[in-house]
1. What about Ser150, is it of a type in the set (S, T, N, Q) and under 22 Å from the mean Cα position of the chain (by Cα)?
2. Condition first: crowded, with 22+ Cβ neighbours inside 10 Å, assigned to a strand (DSSP E or B) and more than 18 Å from the chain's Cα centre (by Cα). Now tell me which residues in segment 305-322 satisfy that.
3. Could you check segment 249-280 and list, in sequence order, the residues that are without any contact (Cβ under 8 Å) to a residue 60 or more places away in the chain, farther than 28 Å from Glu351 by Cβ and under 19 Å from the mean Cα position of the chain (by Cα)?
4. If I ask for residues that are at pLDDT 95 or above, in a helix (DSSP H, G or I) and hydroxyl-bearing (Ser, Thr, Tyr), which ones from segment 93-130 would you list?
5. Going residue by residue through segment 5-20, is there one that turns out to be assigned to a helix (DSSP H, G or I), closer than 21 Å to Gly265 by Cβ, in contact (Cβ under 8 Å) with a residue 12 or more places away in the chain and under 21 Å from the mean Cα position of the chain (by Cα)?
6. Could you tell me whether Ala98 is within 16 Å of the ligand (Cβ to nearest atom), small (Gly, Ala, Ser) and either closer than 28 Å to Pro367 by Cβ or in contact (Cβ under 8 Å) with a residue 12 or more places away in the chain (or both)?
7. Within segment 227-240, can you find the residues that are touching a Leu at 6+ places or on another chain (Cβ under 9 Å) and closer than 24 Å to Glu272 by Cα?
8. Within segment 152-162, can one find any residue that is touching a helix residue (DSSP H, G or I) at 6+ places or on another chain (Cβ under 8 Å), farther than 30 Å from Val215 by Cβ and buried (at least 19 other Cβ atoms within 10 Å of the Cβ)?
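The values are calculated or read from the model by the stated rules, or taken from the named source; none is laboratory data. The shown structure was predicted, so the numbers you read here are calculated from the model rather than taken from an experiment. Every residue, glycine as well, gets a Cβ built from its backbone with ideal geometry; the counts of neighbours run over all protein chains shown.
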Amino acid sequence: VILEEMKIGIVCYPTFGGSGVVATELGKALASTGHEIHFITYSQPARLDFFSENLYYHEVAISQYPLFDFAPYESALASKLVDVVRFEKLDLLHVHYAIPHASVAYLAKQILATQGINIPVVTTLHGTDITLVGKDKSFNPVVTFSINQSDGVTAVSENLKQQTLESFEIKRNIQVIPNFIDFTRFHNKSKEHFKRAIAPGNERVITHTSNFRKVKNTEDVVRIFQKVNEVLPSKLLMVGDGPERRNAEELARQLDISHAVRFLGKQDAIEEILSVSDLFLMPSSSESFGLAALEAMACHVPVISTNTGGLPELNRHGVSGFLSDIGDVEDMAKNALYILEDCDRLLKFKEAAYKRAQEFDISKILPMYENYYEEVIRQS
Ligand code: GMT
């Protein structure tokens, strides 16, 4: 089947967060295969800082009036969607993160219908829009309605699909399309000088990257590391920033391991840090997919994670790493040591993590989206 080139509008949060990264990378990949991609959001997405002939960016500007305690972003976005769909003659809108993007797309669709324009809407659920925020009673009716009204709905894991069906009265099919990885960016790079600077005594390097929110259990990261470090001298790299960073730093001081822990803050070249890492820790209490773990695996880094949400669909127990119950620091430390203690075993896990990541190569996942778009356009 020869796929037609499509004009697609992508709505997302333009931040470092998982959903924004997935939306931006998807748009870039679609553009590179010939589709015309229009990003519509309130500021330039974090990874969209270059020129490409098939990529467009439309900024949603919100006027500030003294009357508004809360600037009406939804109304501004809906108006912008109407304008861009009509002027650019888009074939489809793909919105990432249900709140508020799915309901805003519904509103834009209704307005366009009054002008004789039919615009199919695909909503992708990423996790926190369902598992944390969406379940909140104050959002529930809008989330349920807008998912049911979308012409197509995708979820990034089977688990997220099931959670959505359990938490909301969903009357439509949800297609699972997993997240993906671009190996041209995420691969093991030779960074020997960097490795020597981080671990001058050739210690094992353990890494965690996240937005340091409560669900990431960053204090568990520090506790796991302390137990590993007691047996096998290692270094811990904590990458990212967020509300829990202070507590994690404080705990490292209390446990007297600050000398072995580096808090690096937000970093762009995450693949370089992963390239010097031996193990990745993701002890989250909720994770619909775990994109950061996939990024690690693509760079040959095995993963110690919890068994929550979509993580078992990504991390294979005893193969690409290990999975434990939420909060079972003891078990996670034991598994980490098992992988790190023996050089040959470590190499085997590294290779297996990389092999597992290849299942999520963008070249395998992109056609799933293209086919799904075509199906939705045909049916609407
Ligand atoms: O993990 C976060 O806090 C960021 C969050 C988001 O909403 O952008 O990530 C979610 O979407 C990612 C991309 O699909 C997934 O890889 C993450 O697992 C998911 N986070 C959670 O479910 C907590």
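1. When the stated conditions are applied, Ser150 passes them.
2. Within segment 305-322, Gly321, Phe322 meet the criteria.
3. Within segment 249-280, just Gly265 meets the criteria.
4. If the condition is that a residue be at pLDDT 95 or above, in a helix (DSSP H, G or I) and hydroxyl-bearing (Ser, Thr, Tyr), then Ser103, Tyr106 are the ones that fit.
5. Restricting attention to segment 5-20, the residues satisfying the condition of being assigned to a helix (DSSP H, G or I) are 18-20.
Among the residues that remain, those that are also closer than 21 Å to Gly265 by Cβ are: 18, 20.
When the remaining residues are screened for being in contact (Cβ under 8 Å) with a residue 12 or more places away in the chain, the result is 18, 20.
Add one more test, that the residue is under 21 Å from the mean Cα position of the chain (by Cα), and what stays is 18, 20.
Looking through segment 5-20, at least one residue is assigned to a helix (DSSP H, G or I), closer than 21 Å to Gly265 by Cβ, in contact (Cβ under 8 Å) with a residue 12 or more places away in the chain and under 21 Å from the mean Cα position of the chain (by Cα).
6. Values: within 16 Å of the ligand (Cβ to nearest atom): yes; small (Gly, Ala, Ser): yes; either closer than 28 Å to Pro367 by Cβ or in contact (Cβ under 8 Å) with a residue 12 or more places away in the chain (or both): yes.
Against the criterion (within 16 Å of the ligand (Cβ to nearest atom), small (Gly, Ala, Ser) and either closer than 28 Å to Pro367 by Cβ or in contact (Cβ under 8 Å) with a residue 12 or more places away in the chain (or both)), Ala98 qualifies.
7. Taking segment 227-240 as the starting set, the residues that turn out to be touching a Leu at 6+ places or on another chain (Cβ under 9 Å) are 227-229, 231-232, 234, 236-240.
Across segment 227-240, the qualifying residues are Val228, Asn229, Leu232, Ser234, Leu236, Leu237, Met238, Val239, Gly240.
8. Within segment 152-162, the subset touching a helix residue (DSSP H, G or I) at 6+ places or on another chain (Cβ under 8 Å) is 152-160.
Subsequent filtering for residues that are farther than 30 Å from Val215 by Cβ retains none.
Scanning segment 152-162, I find no residue that is touching a helix residue (DSSP H, G or I) at 6+ places or on another chain (Cβ under 8 Å), farther than 30 Å from Val215 by Cβ and buried (at least 19 other Cβ atoms within 10 Å of the Cβ), so the answer is no.
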